[in-house]
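Note sheet for the following structure.
The values are calculated or read from the model by the stated rules, or taken from the named source; none is laboratory data. Given the structure is predicted, the values throughout are model-derived calculations rather than measurements. Backbone-built Cβ (ideal geometry, glycine too); neighbour counts: all protein chains shown. Just so you know, the surface numbers come from the protein's heavy atoms only, side chains and all, with ligands and any DNA or RNA stripped out. Shrake-Rupley method; radii C 1.70, N 1.55, O 1.52, S 1.80 Å.
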Amino acid sequence: MVIDSLEILSAFIVLFAVIDMLGSMPIVVSIQEKGIDIQPLKTSLVAFVILVSFMFLGEALLKLFGVDINSFAVAGAVVLFIIGLEMVCGVEIFKQDSPSGASALVPLAFPLLAGPGTFTTLLSMRAEFHTVNIIIALVLNMCWVYILLRSSNLVKRLMGSGGIYVIKKFFGIIVLAIAIKLFTSNLASLMEQLS
């Protein structure tokens with residue numbers, strides 16, 4: 001077990017950029033506006049457990065179902081695309097039919113925090129960094145996620161409903177762009193495998 005502060009910092013920065021919790025705040029506010037309780041601790045812990053589990057079991061689990069990482073990423077891109085459409089068009093596509101207290105977990109914990117982009121990043125980082133350093137970086141990122149989820153009402157108050165509306169539309173387009181990029185890059189890899 002080799003704890004390396006430089007590796008932790010590098011892994012933290014990469015995960016921070018991929019998870020992009022600041023960019024996801026309009027989605028969080030949008031979920032709250034539907035009257036859904038976010039439950040910051042539960043959401044952060046569930047995302048952390050999913051990510052750590054996928055880091056160790058992800059490839060084997062996908063192979064068990066005959067799914068490769070590119071197909072998984074394409075499916076995740078479709079979900080992100082739908083979330084982006086909801087934000088930009090002001091429509092509700094995701095029906096909140098999950099049990100009480102669990103509805104914020106989808107799409108927040110999965111696929112927003114623990115999604116195809118993060119999964120792919122974790123798998124690629126395992127080839128570069130020691131596992132313990134990746135886990136420490138992941139813990140630090142989940143602490144950041146927790147802090148932002150806890151302060152989402154403060155963010156909403158500071159920005160006001162007009163500011164949130166504008167940011168929601170702007171980040172909706174960003175989410176759509178990320179979804180399309182994720183979709184096209186992974187679809188290209190799938191097409192190469194088929195040919």
Could you give me the residue pairs with C-beta distances under 6 Å whose first residue belongs to the range 108-129 and is touching a residue at least 40 places away in the same chain (Cβ under 8 Å) and farther than 15 Å from V67 by Cβ, whose second residue is polar (S, T, N, Q) and open to solvent by less than 30 Å² (accessible area, probe 1.4 Å) wherever it lies, and which are 6+ apart or on separate chains? L108/T43; A109/T43; L112/S24
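From the list I27, I13, pick out the single residue that is farther than 28 Å from Q193 by Cα and either in contact with a Ser or Thr (Cβ under 6 Å, 6 or more places away or on another chain) or in contact (Cβ under 8 Å) with a residue 40 or more places away in the chain (or both). Break it down into steps so the answer makes sense when it comes.
On the way: I13 fails: either in contact with a Ser or Thr (Cβ under 6 Å, 6 or more places away or on another chain) or in contact (Cβ under 8 Å) with a residue 40 or more places away in the chain (or both).
The unique qualifying residue is I27.
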With criteria (1) within 30 Å of M159 (Cβ to Cβ); (2) surrounded by fewer than 15 Cβ atoms within 10 Å (Cβ to Cβ), V29 comes up short on (2)
Inside the range 106-116, the number of residues satisfying the requirement of being of a type outside the set (V, I, T) and surrounded by fewer than 21 Cβ atoms within 10 Å (Cβ to Cβ) is 2
Do any residues in the range 59-70 that are polar (S, T, N, Q) have Cβ atoms under 6 Å from those of residues that are surrounded by 13 or more Cβ atoms within 10 Å (Cβ to Cβ) and modelled with pLDDT under 85, where the two are at least six apart or on different chains, and which pairs are they? N70/N186; N70/S189; N70/L190
I want to confirm something. Restricting to the range 148-161 and keeping residues that are without any contact (Cβ under 8 Å) to a residue 40 or more places away in the chain and either among the basic types (K, R) or closer than 19 Å to T43 by Cα (or both), which single residue is surrounded by the most Cβ atoms within 10 Å (Cβ to Cβ)? S151
Does the range 125-144 hold any residues that are over 19 Å from L113 (Cα atoms) and surrounded by fewer than 18 Cβ atoms within 10 Å (Cβ to Cβ), and which are they? A127, E128, H130, T131, V132
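Conditions tested, residue by residue: (1) part of a helix (DSSP H, G or I); (2) farther than 21 Å from V28 by Cβ.
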site	(1), (2)
M87	yes, no
P111	yes, no
T118	yes, no
F129	no, yes
I136	yes, yes
V155	yes, no
M159	yes, no
A179	yes, no
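Residue by residue, here is whether (1) farther than 14 Å from S152 by Cβ; (2) under 18 Å from the mean Cα position of the chain (by Cα); (3) at pLDDT 85 or above; (4) aliphatic (A, V, I, L, M) holds:
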{"residue": "M1", "(1), (2), (3), (4)": "yes, no, no, yes"}
{"residue": "E7", "(1), (2), (3), (4)": "yes, no, yes, no"}
{"residue": "S10", "(1), (2), (3), (4)": "yes, no, yes, no"}
{"residue": "K34", "(1), (2), (3), (4)": "no, no, no, no"}
{"residue": "I38", "(1), (2), (3), (4)": "no, yes, yes, yes"}
{"residue": "V49", "(1), (2), (3), (4)": "yes, yes, yes, yes"}
{"residue": "A60", "(1), (2), (3), (4)": "yes, no, yes, yes"}
{"residue": "K63", "(1), (2), (3), (4)": "yes, no, yes, no"}
{"residue": "V88", "(1), (2), (3), (4)": "yes, no, yes, yes"}
How many residues are part of a helix (DSSP H, G or I) and under 25 Å from V139 (Cα atoms) when one looks only at the range 38-76? 27
Conditions: (1) in a helix (DSSP H, G or I); (2) of a type outside the set (D, E); (3) surrounded by fewer than 17 Cβ atoms within 10 Å (Cβ to Cβ). G35 meets all but one. Number of the miss? (1)
